[in-house]
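Since every read-out is calculated from the coordinates, none of them should be taken as a lab result. What you are looking at is a predicted structure, and each value in this text was computed from that prediction instead of being measured. In this analysis, Cβ positions are derived from the backbone assuming ideal geometry, glycine residues included, and neighbour counts consider all displayed protein chains.
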Amino acid sequence: MSNERFTKDHEWLRLNDDGSITVGITDFAQDQLGDIVFVELPDEGDKFEADTEMAIIESVKAAGDIKIPIAGEVINKNMRLIDEPELVNGDPVGEGWFVKIAPENIDDLNGLMDDSEYKNYLKDL
């Protein structure tokens, strides 16, 4: 299994060496949203069920919810996004990550798209 998985809602998940998972939005998603002006993230220790709202993102074009695709507990959040939400535009799959979670079940990643599946999915949009 590669380290990254993707959702149809354009979130990416990266499996880290310590078993945690970093979550963010894809380059496609940030491009569709335009300039990000605000990000509200959950607190460390917050627990989420799969496919529930975990963050709010606002851009010059729209505001929306970011759902967490798999169940888990937030163990870290990207505090830089509070003062620098534009990091999501500049580096969505790097410095613009949202949260790191401890997954309830790591095997839940298997139900998400890998890189080639996601690229094919984008072609159909």
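Fewest-first ordering of ARG80, ARG14 by other beta carbons within 10 Å of each residue's beta carbon gives ARG80, ARG14. When the C-alpha to C-alpha distance is required to be over 26 Å, the pairs from LYS8/LYS100; LYS100/LYS123; LYS47/LYS119 that qualify are LYS100/LYS123; LYS47/LYS119.
Computed from backbone phi, the HN-Hα couplings of segment 75-87 come to 10, 6, 10, 7, 4, 4, 5, 4, 9, 10, x, 5, 4 Hz, rounded to whole numbers (Karplus: 6.51 cos²θ - 1.76 cosθ + 1.60, θ = phi - 60°; Gly and Pro given as x).
Residues considered: GLY24, GLY111, GLY96. Largest GNM mean-square fluctuation over the chain, using C-alpha springs under 10 Å, is found at GLY111. Here the simple spin-label model places points 7 Å from the Cα toward Cβ, and for ASN3 and VAL60 these points are separated by 3.3 nm. Adding -39500 (n - 2.57) for every DSSP H run of four residues or longer, then dividing by how many residues the chain holds, sets the calculated 222 nm ellipticity at -4500 deg cm²/dmol. Scanning residues 5 or more positions from ILE66 or on other chains, those with amide H under 5 Å from its amide H are MET54, ALA55, ILE56, ILE57, with H placed 1.01 Å from N in the peptide plane. With a cut-off of 11 Å between beta carbons, the residues surrounding THR52 carry a summed charge of -3, where Lys and Arg count +1 and Asp and Glu -1.
For segment 28-35, backbone phi angles converted through the Karplus equation (6.51, -1.76, 1.60; θ = phi - 60°) give residue-by-residue couplings of 4, 5, 5, 5, 5, 6, x, 5 Hz, Gly and Pro being listed as x. Taking 0.36 nm per residue of separation and subtracting the current Cα-Cα distance, fully stretching the chain between VAL93 and ASN120 would add 7.9 nm.
Equivalent ellipsoid of the chain: semi-axes from √(5λ) of the C-alpha gyration tensor, largest first, are 20, 18, 12 Å.
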